[in-house]
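Q: Pasting a structure below so you can have a look.
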């Protein structure tokens, strides 16, 4: 099992963290810089962030399961397990907590663009919270990659 499971662990981790960094750090800022239509840029970025969330959910489940299968109950005593678990919680909070709120605010603003509407301040606040959680998740992912591939576990 280790011949397949360990490489899948590595691939899941780098796919998740790479996606977090690529979409959040490169693609989304590029969309908003290159497209004059901020609504379109936001819609595309939102779809990409949803894809990253689903990658994260799948990866987190595998990463935690692998650690438990490999180390048994002692996996719960490792920092790596708890970093993955925290990243998983941040993903769930964003995808199933904050994103529905943002979608509702966009619907409430319709037919106006959300940033041109009366819900602008609430949208900006929730978007800011979402952004902070995303940055924390990305940083934790970077720490985890360094731990796992830098020899420290």
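The values are calculated or read from the model by the stated rules, or taken from the named source; none is laboratory data. Remember, predicted model here, so these are calculated numbers, not experimental data. No Cβ is skipped: glycine too gets one built from the backbone with ideal geometry, and neighbour counts run over all protein chains shown.
Q: Which residue out of 54, 126 is touching a helix residue (DSSP H, G or I) at 6+ places or on another chain (Cβ under 6 Å), closer than 26 Å to residue 38 by Cα and in a helix (DSSP H, G or I)? Spell out the reasoning first.
A: Values: 54 fails: touching a helix residue (DSSP H, G or I) at 6+ places or on another chain (Cβ under 6 Å).
Answer to the selection: 126.
Q: Next up: Of everything in segment 112-121, what is assigned to a helix (DSSP H, G or I), in contact with a helix residue (DSSP H, G or I) (Cβ under 8 Å, 6 or more places away or on another chain), free of Cβ contacts under 8 Å to residues at least 24 places away in the same chain and surrounded by fewer than 17 Cβ atoms within 10 Å (Cβ to Cβ)? Give them in sequence order. Quick ask: steps written out before the conclusion?
A: Of all residues in segment 112-121, those assigned to a helix (DSSP H, G or I) come to 114-116, 120-121.
Those left that are additionally in contact with a helix residue (DSSP H, G or I) (Cβ under 8 Å, 6 or more places away or on another chain): 114-116, 120.
Then drop every residue that is not free of Cβ contacts under 8 Å to residues at least 24 places away in the same chain, which leaves 114, 116, 120.
Listed by number, the residues that qualify are 116, 120.
Q: Being under 23 Å from residue 23 (Cα atoms) and either exposed (fewer than 13 other Cβ atoms within 10 Å of the Cβ) or in contact (Cβ under 8 Å) with a residue 40 or more places away in the chain (or both) is true for just one of 58, 72, 42. Which residue is that? Give the steps one after another, and end with the answer.
A: Values: 72 fails: under 23 Å from residue 23 (Cα atoms); 42 fails: either exposed (fewer than 13 other Cβ atoms within 10 Å of the Cβ) or in contact (Cβ under 8 Å) with a residue 40 or more places away in the chain (or both).
Among 58, 72, 42, only 58 is under 23 Å from residue 23 (Cα atoms) and either exposed (fewer than 13 other Cβ atoms within 10 Å of the Cβ) or in contact (Cβ under 8 Å) with a residue 40 or more places away in the chain (or both).
Q: Inspect segment 88-110 for any residue being touching a residue at least 60 places away in the same chain (Cβ under 8 Å) and either loosely packed, with under 13 Cβ neighbours inside 10 Å or out of contact with any strand residue (DSSP E or B) (no Cβ under 9 Å at 6 or more places or on another chain) (or both) and give the result as yes or no. Can you show your working first?
A: From segment 88-110, those touching a residue at least 60 places away in the same chain (Cβ under 8 Å) are none; that's our starting set.
There is no residue in segment 88-110 that is touching a residue at least 60 places away in the same chain (Cβ under 8 Å) and either loosely packed, with under 13 Cβ neighbours inside 10 Å or out of contact with any strand residue (DSSP E or B) (no Cβ under 9 Å at 6 or more places or on another chain) (or both).
Q: Could you go through segment 129-148 and let me know if any residue there is over 24 Å from residue 63 (Cα atoms) and in contact with a helix residue (DSSP H, G or I) (Cβ under 7 Å, 6 or more places away or on another chain).
A: Yes, because at least one residue in segment 129-148 is over 24 Å from residue 63 (Cα atoms) and in contact with a helix residue (DSSP H, G or I) (Cβ under 7 Å, 6 or more places away or on another chain).
Q: Here is a check on your reading of the model: is residue 12 farther than 26 Å from residue 122 by Cα and surrounded by 15 or more Cβ atoms within 10 Å (Cβ to Cβ)? Explain how you work it out, then say what you get.
A: On the way: farther than 26 Å from residue 122 by Cα: yes; surrounded by 15 or more Cβ atoms within 10 Å (Cβ to Cβ): yes.
When the stated conditions are applied, residue 12 passes them.
Q: State yes or no: is residue 141 under 30 Å from residue 5 (Cα atoms) and modelled with pLDDT under 95?
A: On the way: under 30 Å from residue 5 (Cα atoms): yes; modelled with pLDDT under 95: no.
Considered against the rule, which asks whether it is under 30 Å from residue 5 (Cα atoms) and modelled with pLDDT under 95, residue 141 comes out as no.
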